[in-house]
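Student: Okay, handing you the structure first.
Every read-out reported here was derived from the displayed coordinates using simple, explicitly stated rules and does not represent laboratory data. These numbers come from a predicted model, not from an experiment. Using ideal geometry, Cβ is built from the backbone for each residue, glycine included, and neighbour counts are taken over all protein chains shown.
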Amino acid sequence: MTWPTVTMMGEINGIALSDIGEDGGVIALGHHDPARLLPVLRRYANEMWGEVLALADPGDPYAQIRHEWVVNTGDTVAGPEQEWCLEPVPADAPGAFPVTRWYER
């Protein structure tokens, strides 16, 4: 599996994480168990932004976590400042890679 190169990338407990901007909160490269991933996402948010991700539904803390296959449709010629723009696609789409994604809403 080849992961795209991105600038806002961190690693916590062996999970590569990145901020993905307005359409969602955080993405983890690969598919992960939500129960393991949620504390990692919250720690990442606290380290990156000084805040803890709020749960939209405290009765279901994993409701905002989704497994997806995506491609990076961002600007691939921007060098180290490459734009990171993910679009959901079928798993067998060319260039698709798995992510576990936290949605803010």
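Student: Scan around residue 86 for amide H atoms under 5 Å from its own, H built in the peptide plane at 1.01 Å from N, and keep only partners 5 or more places away or cross-chain.
Tutor: Counting only residues 5 or more places away or on other chains, the set is 73.
Student: Once you have the Cα-Cα distance between residue 104 and residue 85, take 0.36 nm times their residue separation minus that, and quote the gain in nm to one decimal.
Tutor: 5.2 nm
Student: Still on this structure, please answer the following. If r is the Cβ-Cβ distance from residue 57 to residue 12 and R0 is 25 Å, what FRET efficiency results, to the nearest 0.05?
Tutor: 0.60
Student: What list of ³J(HN,Hα) couplings, whole Hz, do you get for segment 42-52 from phi and the Karplus terms 6.51, -1.76, 1.60, once you set θ to phi - 60° and write x for glycine and proline?
Tutor: Here the 3J(HN,Hα) series is 5, 5, 4, 4, 5, 5, 7, 10, x, 9, 9 Hz.
Student: Additional query: Using modelled amide H (1.01 Å from N, peptide plane; none on Pro or chain starts), what sits under 5 Å from the amide H of residue 30, excluding residues fewer than 5 places away?
Tutor: 99, 100
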